[in-house]
Amino acid sequence: MIDTSAFQGKSAAYFTLGCKLNFSETSTFCKMLEGMGVRTVDKDADICIVNTCSVTEVADHKCRQAIHRMVRENPGAFVIVTGCYAQLKPETVSKIDGVDLVLGANEKANLIQFLSEAWSGARQEMSLHRFHTEKTKDIKTFAPSCSRGNRTRYFLKVQDGCNYFCTYCTIPYARGFSRNPSIKSLVEQAKQAAGEGGKEIVLTGVNIGDFGETTNEKFIDLVKALDKVEGISRYRISSIEPDLLDDELIEYCAGSRAFMPHFHIPLQSGSDEVLRLMHRRYDSALFAHKIELIKKVMPDAFIGVDVMVGTRGERPELFEETYEFLKSLDVTQLHVFPYSERPGTAALKIPYTVSDQDKKLRSKRLLELSDEKTKAFYSWHIGKDAEVLFEKAATGKAMHGFTKNYIRVELPPSADNDSLDNQIINVKLGDFNHNLTALKAIL
């Protein structure tokens, strides 16, 4: 039994690293604590929660920096660290000065219970057990999450974990195997978001196309059920593997009421040889087919693509295959990640390695290609009418929002802007803003 009175008058600070799924989970922690009377503050908090990422060695380093900073800015706070880094390196994290508790993938679902025990006088006993994590095979808990934090859009967690075990990746070890709640429960969460005034929901997860692994349901059936929820005007699919992006799903989204012409599809490499080394479950031909079909049925679709450079085995000529392949695709934006060695991964057995200098050069070339493609996509829409869902801006700052196909749109600061928060407004798309990050809105 949680003693809510112990939380009254307390304050909490949060820091999140990594993916949208992490941000969704942190927002849920925040929402639960606020419901128990805990105020959210920037520093000098009684409780600190750090939700970590471990996708690269750089991410691990950033996690350690964030933990040290939170401890420094919140002296005397009860500090909990959770997330992927906490699951993979619990002993390392628990030894960081100021950290009181480390919770793994299973345990974070009971984060509030752990806090309740701490505030009810169990802190001394808990300090003897500074970290709680399960082995990958025992990570089975699904922690529901549908929250927006300080954003306009809601993030609905529909799936967790991954069964793929790509050779470069530690996520299955950090998140466990694929699992999901029922379609019925997710529809109820979407209805609740609509009741709170939400207009847009982003579907999040680790490998969301694998939805149904634990309930014998299908992702497309989830999409069809969510599409019927009244009050939600927009859905976005955050990221989906190309081999799980069924043609039927693409065609349904094209004719759906609320699913937006916006896809994020991880490619990782345009070289079939590198894809095989990565143990990816598709080839470049299948990926090209998915892009072609999306553009056929949704010509104005925004397509983001993840690509990794410098992975083991990526000889110069294989990177050139990736570059030329991406250059040929009608995609909008590239999310470029330099390969990072991860202990315990199968990739370490591949003999050919790429220097850090070559990784930087390859990243630079792909980022320049990405800028060209994004600018061309935005330019093609200048002068067109669009519906934009605007998000609240800080006082004196420009207001931003997104079109259906994820073009970022900017309004100059105005006293009237507050009335546009969480509103879908018809605008004409003008020229680029001063730093080329958005198109100007003409009301």
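Against the condition at pLDDT 95 or above and within 30 Å of ALA190 (Cα to Cα), how does VAL297 come out, does it pass?
Working: at pLDDT 95 or above: yes; within 30 Å of ALA190 (Cα to Cα): yes.
Yes.
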Can you say whether ARG257 is farther than 19 Å from VAL223 by Cβ and at pLDDT 95 or above, as far as the supplied structure shows?
no
Counting only residues that are modelled with pLDDT under 90 and under 19 Å from MET70 (Cα atoms), give me the helices (runs of 4 or more DSSP H) lying completely in segment 89-133 with at least 1 of them.
111-117
Pairs please, first residue from segment 212-239 and under 23 Å from ASN163 (Cβ atoms) and modelled with pLDDT of 95 or more, second anywhere and open to solvent by 20 Å² or more (accessible area, probe 1.4 Å) and hydroxyl-bearing (Ser, Thr, Tyr), Cβ atoms under 9 Å, 6+ apart in sequence or on different chains.
THR215/SER182; GLU217/SER182; ILE220/TYR252; VAL223/TYR252; VAL223/SER256
Exactly one of (1) open to solvent by 90 Å² or more (accessible area, probe 1.4 Å); (2) in contact (Cβ under 8 Å) with a residue 24 or more places away in the chain; (3) more than 17 Å from LEU334 (Cβ to Cβ) is unmet by ALA415. Its number?
(2)
Which pairs do you get when a residue that is closer than 20 Å to SER328 by Cβ, found in segment 361-383, comes within reach of a residue that is charged (D, E, K, R) and surrounded by 12 or more Cβ atoms within 10 Å (Cβ to Cβ), reach meaning Cβ atoms under 7 angstrom, with the pair 6+ apart or on two chains?
LEU369/LYS327
Would you check which residues across segment 14-56 are under 30 Å from SER340 (Cα atoms) and either aliphatic (A, V, I, L, M) or part of a strand (DSSP E or B) (or both) and list them?
TYR14, PHE15, THR16, LEU17, LEU21, CYS48, ILE49, VAL50, ASN51, THR52, VAL55
Does any residue of segment 306-317 turn out to be over 20 Å from SER363 (Cβ atoms) and open to solvent by less than 60 Å² (accessible area, probe 1.4 Å)?
no
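Each row is one residue, and each column tells you yes or no for (1) more than 24 Å from LYS359 (Cβ to Cβ); (2) open to solvent by 10 Å² or more (accessible area, probe 1.4 Å); (3) in contact (Cβ under 8 Å) with a residue 60 or more places away in the chain.
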position	(1), (2), (3)
ARG257	yes, yes, no
MET260	yes, yes, yes
ILE265	no, no, no
SER271	no, no, no
ARG280	no, yes, yes
LEU286	yes, yes, no
LYS290	yes, yes, no
ILE294	yes, no, no
VAL297	yes, yes, no
TYR282 vs (1) within 30 Å of LEU348 (Cα to Cα); (2) modelled with pLDDT under 95: all pass except (2)
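Of all residues being part of a loop (DSSP other than H, G, I, E, B), surrounded by fewer than 13 Cβ atoms within 10 Å (Cβ to Cβ) and of a type outside the set (Ser, Thr, Tyr) in segment 352-404, which is nearest to the chain's Cα centre (by Cα)? Just the residue, please.
We begin by selecting, within segment 352-404, every residue part of a loop (DSSP other than H, G, I, E, B); these are 352-355, 382-384, 392-398, 403-404.
Keeping just the survivors that are surrounded by fewer than 13 Cβ atoms within 10 Å (Cβ to Cβ) gives 352, 355, 383, 394-397.
Adding the requirement that they be of a type outside the set (Ser, Thr, Tyr) leaves 383, 394, 396-397.
Numbers: GLY383: 31, ALA394: 23, GLY396: 29, LYS397: 25 Å.
Filtering segment 352-404 for residues that are part of a loop (DSSP other than H, G, I, E, B), surrounded by fewer than 13 Cβ atoms within 10 Å (Cβ to Cβ) and of a type outside the set (Ser, Thr, Tyr), the one nearest to the chain's Cα centre (by Cα) comes out as ALA394.
Test ALA193 against the stated conditions and say whether it is within 30 Å of ALA393 (Cα to Cα) and open to solvent by less than 50 Å² (accessible area, probe 1.4 Å).
Working: within 30 Å of ALA393 (Cα to Cα): yes; open to solvent by less than 50 Å² (accessible area, probe 1.4 Å): yes.
Spelling it out, ALA193 is indeed within 30 Å of ALA393 (Cα to Cα) and open to solvent by less than 50 Å² (accessible area, probe 1.4 Å).
Answer with yes or no whether CYS166 is touching a His at 6+ places or on another chain (Cβ under 8 Å) and surrounded by 19 or more Cβ atoms within 10 Å (Cβ to Cβ).
On the way: touching a His at 6+ places or on another chain (Cβ under 8 Å): yes; surrounded by 19 or more Cβ atoms within 10 Å (Cβ to Cβ): yes.
For CYS166, the condition - touching a His at 6+ places or on another chain (Cβ under 8 Å) and surrounded by 19 or more Cβ atoms within 10 Å (Cβ to Cβ) - is met.
Does THR40 fit the bill of being in contact with a Phe, Trp or Tyr (Cβ under 8 Å, 6 or more places away or on another chain), closer than 17 Å to LYS157 by Cβ and of a type in the set (Val, Ile, Thr)?
Values: in contact with a Phe, Trp or Tyr (Cβ under 8 Å, 6 or more places away or on another chain): yes; closer than 17 Å to LYS157 by Cβ: no; of a type in the set (Val, Ile, Thr): yes.
Considered against the rule, which asks whether it is in contact with a Phe, Trp or Tyr (Cβ under 8 Å, 6 or more places away or on another chain), closer than 17 Å to LYS157 by Cβ and of a type in the set (Val, Ile, Thr), THR40 comes out as no.
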Is it true that some residue in segment 329-338 is hydroxyl-bearing (Ser, Thr, Tyr), open to solvent by less than 10 Å² (accessible area, probe 1.4 Å) and in a loop (DSSP other than H, G, I, E, B)?
yes
Residue set PHE165, PHE155; condition out of contact with any Lys or Arg (no Cβ under 7 Å at 6 or more places or on another chain), touching a residue at least 24 places away in the same chain (Cβ under 8 Å) and within 29 Å of ILE80 (Cα to Cα); output residue PHE165
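I'm checking my understanding of the structure. Among residues of segment 14-65 that are of a type in the set (Lys, Arg) and closer than 27 Å to ARG236 by Cβ, which one is surrounded by the most Cβ atoms within 10 Å (Cβ to Cβ)? I'd like the intermediate steps shown before the answer.
In the first step, residues of segment 14-65 are kept if they are of a type in the set (Lys, Arg); the result is 20, 31, 39, 43, 62, 64.
Among the residues that remain, those that are also closer than 27 Å to ARG236 by Cβ are: 20, 31, 62.
Numbers: LYS20: 19, LYS31: 15, LYS62: 16.
Among those residues, the one meeting the criterion is LYS20.
The values are calculated or read from the model by the stated rules, or taken from the named source; none is laboratory data. Being a predicted model, the structure only gives us computed values, none of them experimental. Using ideal geometry, Cβ is built from the backbone for each residue, glycine included, and neighbour counts are taken over all protein chains shown. All accessible areas refer to the heavy atoms of the entire protein, side chains included, with ligands and DNA or RNA removed. Shrake-Rupley method; radii C 1.70, N 1.55, O 1.52, S 1.80 Å.
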